[in-house]
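Asker: Before we start, here is the structure in question, set down as structure tokens.
Where a number appears in this text, it was derived from the coordinates with a stated rule and is not lab data. As the structure is a prediction and not an experimental result, all values here were calculated from the model. Cβ coordinates were reconstructed from backbone atoms using ideal geometry, including for glycine residues, and neighbour counts include every protein chain displayed.
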Amino acid sequence: MQVSSTYRYAKISAFKAREVTRAIQGLPVSAALDLVAFSPKKAAGFISKTLKSAVANAENNANLRVDCLVVKEATVGEGPTMKRMMPRARGSGSGILKRTSHIRIILTDEIEIKTRDKKKRPKKKSQKKSPSTKRESKTEEKPEIKPEATAPEPAEEAKE
């Protein structure tokens with residue numbers, strides 16, 4: 001069963017909030033709450049509030065267990081933008097855009113929680129080359145230069 005929660009008109013740009021929501025997608029709720037709690041971003045506070053609201057909705061409205069919930073989808077859409085003016089030089093003005101966003105989190109209990117266990121990997125055998133094979137390979141790479149036969153110089157013959 002899916003449960004959702006929406007935080008509308010959050011005073012943060014959607015671009016900044018999406019960075020945090022991408023990190024929590026697919027995580028169990030407990031791991032997502034931990035990640036958001038230790039994130040230094042401003043958006044983490046808004047997302048934490050929305051996530052806790054979704055968990056409360058799942059517990060009270062749908063009678064779901066919290067330990068089985070997974071963040072299925074966490075999206076941030078753009079809300080309305082407030083336009084303000086700031087005075088500039090020579091009586092002109094420039095615009096300021098105060099962006100807002102809508103944060104939507106969907107939780108589900110249908111996805112299995114996968115934990116990351118440490119897998120035992122077989123050790124690879126290291127193939128150490130002996131120093132003689134390294135030297136041989138270097139000499140093989142260089143093309144051999146054949147010395148050409150030199151002819152006697154004509155200046156020496158003229159002296160005699």
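Asker: For SER30, SER53, what ranking results if the residue with the fewest other Cβ atoms within 10 Å of its Cβ goes first?
Answerer: In order of increasing Cβ crowding within 10 Å: SER30, SER53.
Asker: If you don't mind, there's one more thing I want to ask. Can you compute log10 of I(q)/I(0) for segment 1-112 with the Debye formula, treating each Cα as one identical point scatterer, at q = 0.10, 0.11, 0.14, 0.19 Å⁻¹?
Answerer: For segment 1-112, the Cα-only Debye profile gives -0.34, -0.40, -0.57, -0.89.
Asker: Still on this structure, I have one more. Describe numerically, in nm with one decimal, the distance between label points set 7 Å from Cα along Cα→Cβ at ASN57 and at ARG22.
Answerer: 2.5 nm
Asker: Sticking with this one: If I model a spin label as a point 7 Å beyond the Cα along the Cα-Cβ vector, how far apart are those points for PHE38 and TYR9 in nm?
Answerer: In this crude label model, PHE38 to TYR9 measures out at 3.6 nm.
Asker: Of the listed peptides 14-27, 83-96, 32-45, what is their order by residue-averaged count of other C-beta atoms within 10 Å, with the highest listed first?
Answerer: Descending packing order for the listed peptides: 14-27, 32-45, 83-96.
Asker: Still on this model: Grab the Cα-Cα distance for ILE111 and SER92, subtract it from 0.36 nm times how many residues apart they are, and report the gain in nm with one decimal.
Answerer: 1.2 nm
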